[in-house]
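Below: one structure, written as structure tokens.
The values are calculated or read from the model by the stated rules, or taken from the named source; none is laboratory data. As the structure is a prediction and not an experimental result, all values here were calculated from the model. With ideal geometry, Cβ positions are generated from the backbone for all residues, glycine too; neighbour counts draw on all protein chains shown.
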């Protein structure tokens with residue numbers, strides 16, 4: 001496929017991201033049942049989806065919401081983040097990670113990244129802790145787990161809560177345990193292009209039951225849904241962040257395929273780890289010991305990124321840096337910090353397709369194009 005075809009808006013042969021839906025014969029009867037049940041708001045399907053997700057993760061309590069951003073906002077509130085305080089975060093992420101911090105009224109202080117994984121660097125986190133710091137936000141960028149033990153140690157020593165943004169890393173593991181098991185608050189996204197989707201939605205995985213119960217109040221205007229409206233007495237700020245039965249019904253069916261979908265991503269990612277290692281002009285990432293990425297995207301650092309992106313496009317392969325580093329947004333840049341590692345790697349960062357839609361033929365084609373030079 002030529003650049004001209006891309007400019008005309010035609011789809012690549014191998015897209016970078018893609019929405020997956022279960023087969024109609026499996027999904028539509030479930031949806032039809034909900035849509036014509038007479039009750040499409042938050043109800044039994046939401047409850048079933050939450051309990052099913054708890055089983056998938058293997059720990060904690062699942063609080064479903066209408067977006068991953070809502071999950072992050074509730075997490076920040078539960079963590080005690082107050083207006084005027086600071087949250088340490090990463091600039092290499094999708095914008096909602098840091099927009100949520102601003103929603104909580106806090107300021108963002110960026111830590112630099114680890115050039116081996118592209119994730120937030122624990123050493124830089126330590127350097128950025130101040131009396132104003134109220135929490136630490138960490139992101140499994142592109143599905144690669146953060147330095148979990150290093151960040152847990154910082155939390156223990158500093159007393160600072162950690163919010164884990166696992167929007168990219170559904171199904172990833174650290175020492176055999178899935179994302180959602182390692183920190184008190186973990187946010188997942190089910191937006192359209194994630195490993196699984198509920199069209200839009202998310203879950204906050206909460207380790208502590210009392211905090212989970214408080215999160216349920218925040219999710220629904222501060223109202224306790226186990227009491228009648230006349231029995232309620234709102235005592236905290238809440239929001240309209242709940243998930244409905246329609247989205248939850250899609251999520252229930254999607255979860256049935258989650259293992260297969262994630263395994264496809266992992267198989268492709270591990271293939272690229274092997275096949276691209278040592279290719280001139282390409283640097284593959286290294287992962288922390290015990291980490292098992294779920295490869296939402298496959299990230300590489302390359303020489304002449306624009307040249308390789310053009311070469312891939314000529315062969316119908318979509319690739320992109322995808323995310324604008326967040327400190328380039330005026331609203332998300334509170335302290336104008338220097339981030340030398342991010343400065344060095346960002347111009348070389350490129351994401352390749354490695355999702356469930358990439359088969360053996362497609363991944364061989366991607367590798368062959370890269371190995372042929374650009």
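Things worth noting here:
Yes or no, residue by residue, for (1) closer than 19 Å to residue 326 by Cα; (2) out of contact with any helix residue (DSSP H, G or I) (no Cβ under 7 Å at 6 or more places or on another chain); (3) buried (at least 21 other Cβ atoms within 10 Å of the Cβ):
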residue	(1), (2), (3)
125	yes, no, yes
150	no, no, no
178	no, no, yes
205	no, no, yes
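- Verdict on residue 105 being surrounded by fewer than 16 Cβ atoms within 10 Å (Cβ to Cβ), in contact (Cβ under 8 Å) with a residue 40 or more places away in the chain and on the phi > 0 side of the Ramachandran plot: no
- Qualifying residue in region 285-294 (condition: part of a loop (DSSP other than H, G, I, E, B) and either modelled with pLDDT under 95 or under 22 Å from residue 357 (Cα atoms) (or both)): yes
- Scanning region 335-362 for residues that are touching a strand residue (DSSP E or B) at 6+ places or on another chain (Cβ under 7 Å), surrounded by 18 or more Cβ atoms within 10 Å (Cβ to Cβ) and not in a helix (DSSP H, G or I) yields 339, 349, 350, 351, 352, 353, 354, 358.
- For region 221-231, the condition holds for no residue, the condition being that it is buried (at least 19 other Cβ atoms within 10 Å of the Cβ) and touching a helix residue (DSSP H, G or I) at 6+ places or on another chain (Cβ under 8 Å).
Conditions (1) assigned to a helix (DSSP H, G or I); (2) modelled with pLDDT under 95; (3) under 30 Å from residue 109 (Cβ atoms), marked per residue:
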site	(1), (2), (3)
25	yes, no, no
29	yes, no, no
47	yes, no, no
64	no, no, no
84	no, no, yes
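- Region 203-230, residues that are in a loop (DSSP other than H, G, I, E, B) and in contact (Cβ under 8 Å) with a residue 24 or more places away in the chain: 207, 208, 225
- Residue 248 being outside any loop (DSSP other than H, G, I, E, B) and assigned by TED's automatic domain parsing to the domain that holds residue 176: yes
- Yes/no for residue 261 being assigned by TED's automatic domain parsing to the domain that holds residue 46, in a helix (DSSP H, G or I), surrounded by 16 or more Cβ atoms within 10 Å (Cβ to Cβ) and in contact (Cβ under 8 Å) with a residue 40 or more places away in the chain: no
- Filter result for residue 302 (in contact with a helix residue (DSSP H, G or I) (Cβ under 7 Å, 6 or more places away or on another chain), touching a residue at least 24 places away in the same chain (Cβ under 8 Å), closer than 16 Å to residue 367 by Cα and surrounded by fewer than 18 Cβ atoms within 10 Å (Cβ to Cβ)): no
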